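Below is one structure, written out as structure tokens; the observations come after it.
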Amino acid sequence: MDLKEIDKIIVLDFGSQYAHLICRRIREFGVYAELHPYNMDVKSIDDTVKGIILSGSPASVYEENAPLADPAIFDLNIPLLGICYGHQFIVHTLGGKVKRSRREYGRAELFIDDNTNLFKNFNGRTICWMSHADAAEILPDGFEIIAHTSNSFAAAIRKDKIYGIQFHPEVIHTERGTDILKNFVLDICKAKQEWNMENFVEYTINELRGIDGNVLCAVSGGIDSTVTALLLNNAIGKRLKCLFVNHGLLREGEENEVISIFKGIGIDLIYIDAKDQFMKDLKGITDPEEKRLIIGREFANIFEETVKKYGPFKWLAQGTLYPDVIESGVSKGPASRIKSHHNVAGLPSTLSMQVVEPLKMLYKDEVRKVAKMLGMKEEMIKRHPFPGPGLAVRIIGEVNEEKVRICKHASKIVEEELIKANLYDNVWQAFAIVGDDKAVGVLGDERYYGRIVSVRVVESMDAMTADWSRLPYDVLTKISNRITNEVEGVSWVTYVISSKPPATIEPQ
Ligand code: XMP
């Protein structure tokens, strides 16, 4: 099946933190959904597009410089669904009035006034999630109210194929949010459920077969780069070579796992043990950004040498995912530049390789499904994300052998205890942090001045925001006891209770 031809829903992004989430929810029930900027060229909307969703936004539709879509979208005769700001955009553009009203935030009871179409088979009332300060005051001509709350007389409106809802169906707190999206996408837009990972794999492998010349893929053992390599291996076999650089800042035992996985599959892996070089480069460096830049630079050097030695390579394969390609309104903000994330995009341009990104249509949960289909082991698929610069961003101050040993060992204990307590899969990341701070302890009868290890366990959907995990005290106690008993040189263990924002997930 040619994925370029399948039915799709377009989500116009007005800057909502939930824009990607709307796409993901729709894809979950098998319809392909794409995110586009709010001001996309309406002429580029072809007949594969079966419906358009207008996202929320922190802006107010009546303000100067408010993000506004081309009103020509109303002439396309394609079903439209406005969510929150999108709903207000419809009201404002078609001649109604939106104004600042009483802030409504959180759960609200939604009373259904018309249980057909968008609310097909809904009985009376349901719970929805509100987050707005503006609301429709006067509706444009011809619109009818199809649901209301005690605060919003027009919580859901409709005229022909145009729908507006004041609440967020994409967040889980809206009890029947998925049913609302399904009613819109499947019944009102009549989009076919053609998006699944079987189709994706078949289509992608076919496309990749068209690649001429040799491909180099840098792998880390993480799911994205491994799945990229697996797809390419299926498509072009021996014309693929993978490069795995061990900077000595990996998780305990990780290098051996990566080597054995690639050996097991039969993919050619160039393994570079550059531990000593990285340690030398990082000596005396305490600034977090400087550490990242040094690591990025060393990666680029090794990459260049590899290309010279094993090349020529016409292509560079990267495990870029959809959210990295399509930035949503919020991720364009300064927050995304708080830390310079190193990746292979920072490679010297002199290498003049073309980039192939087989996962660029996918979300992480979709990559996990592909990984399973291609035979990756469950433990690897479920392994927490790990930053490219590795333990260097979890070691505060200079990176040295003692701190690397403590960080690795203590992190292993954190992971082991979460697995034992059946909590590992419920959290986004779980690791230990070590710096130069010391505190007094007692070892036998002796006073002992050891390092402080901080344990960081966070819950998150996408790493853009995160909350510290409320782990049971007995799990924290076990982690703390084991770290002080088993990891030499540690006297105290602390637990990090900062959320993101204002903190970040990694300490450096
Ligand atoms: P922060 O610390 O910015 O992290 O809240 C958000 C997510 O990104 C990961 N992270 C990185 N990943 N290179 C990466 O490949 C990096 O330099 C990097 N820094 C942070 C982090 O583990 C978390 O999941």
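Of all residues in region 464-498, those satisfying the criterion of being open to solvent by 20 Å² or more (accessible area, probe 1.4 Å), closer than 18 Å to L418 by Cβ and hydrophobic (A, V, I, L, M, F, W, C) are W468, L476, V493, V496, I497.
Counting only residues that are open to solvent by 30 Å² or more (accessible area, probe 1.4 Å), among the aliphatic types (A, V, I, L, M) and in a loop (DSSP other than H, G, I, E, B), which one in region 407-429 is nearest to M461 (Cα to Cα)?
Taking the candidates together, the pick is L423.
Flag: E506 matches the condition of being touching a helix residue (DSSP H, G or I) at 6+ places or on another chain (Cβ under 7 Å), assigned to a loop (DSSP other than H, G, I, E, B) and either open to solvent by less than 20 Å² (accessible area, probe 1.4 Å) or touching a residue at least 24 places away in the same chain (Cβ under 8 Å) (or both). For region 430-441, state whether one or more residues are over 26 Å from P389 (Cβ atoms) and either surrounded by fewer than 13 Cβ atoms within 10 Å (Cβ to Cβ) or not hydrophobic (A, V, I, L, M, F, W, C) (or both). Yes: region 430-441 contains one or more residues that are over 26 Å from P389 (Cβ atoms) and either surrounded by fewer than 13 Cβ atoms within 10 Å (Cβ to Cβ) or not hydrophobic (A, V, I, L, M, F, W, C) (or both). Taking region 83-174 and the strands (runs of 3 or more DSSP E) fully enclosed by it, the elements with 1 or more residues that are among the small types (G, A, S), touching a residue at least 12 places away in the same chain (Cβ under 8 Å) and under 19 Å from L21 (Cβ atoms) are at 97-112, 125-138, 162-165.
Scanning region 464-508 for residues that are of a type in the set (D, E, K, R) and within 15 Å of the ligand (Cβ to nearest atom) turns up D467, K500, E506.
Yes or no: region 436-449 includes at least one residue that is away from the ligand (no atom under 16 Å from the Cβ), within 26 Å of the chain's Cα centre (by Cα) and of a type in the set (D, E). So far as region 436-449 goes, no, none of its residues is away from the ligand (no atom under 16 Å from the Cβ), within 26 Å of the chain's Cα centre (by Cα) and of a type in the set (D, E).
So, in region 23-57, of the ones that are in a loop (DSSP other than H, G, I, E, B) and either of a type in the set (S, T, Y) or not assigned by TED's automatic domain parsing to the domain that holds Y163 (or both), which residue ends up most open to solvent (accessible area, probe 1.4 Å)?
Y38
The residue that is most open to solvent (accessible area, probe 1.4 Å), among those in region 212-248 that are part of a loop (DSSP other than H, G, I, E, B) and in contact with a helix residue (DSSP H, G or I) (Cβ under 6 Å, 6 or more places away or on another chain), is N214.
Residue count for region 179-207 under the criterion of being surrounded by 16 or more Cβ atoms within 10 Å (Cβ to Cβ), more than 19 Å from M1 (Cβ to Cβ) and not β-branched (V, I, T): the result is 6.
The single condition among (1) open to solvent by 40 Å² or more (accessible area, probe 1.4 Å); (2) touching a strand residue (DSSP E or B) at 6+ places or on another chain (Cβ under 9 Å) that D70 does not meet is (2). Going by what's in this entry, would A72 be described as without any contact (Cβ under 8 Å) to a residue 60 or more places away in the chain and closer than 21 Å to Q17 by Cα? No, not satisfied. Is it the case that region 456-463 has a residue that's away from the ligand (no atom under 14 Å from the Cβ) and open to solvent by less than 70 Å² (accessible area, probe 1.4 Å)? There is no residue in region 456-463 that is away from the ligand (no atom under 14 Å from the Cβ) and open to solvent by less than 70 Å² (accessible area, probe 1.4 Å).
The values are calculated or read from the model by the stated rules, or taken from the named source; none is laboratory data. The structure displayed is predicted, hence computed values, not measured ones. Cβ: placed from backbone, ideal geometry, glycine included. Neighbour counts: every protein chain shown. Heads up: the accessible areas ignore ligands, DNA and RNA and are worked out on the full protein's heavy atoms, side chains in. Shrake-Rupley method; radii C 1.70, N 1.55, O 1.52, S 1.80 Å.
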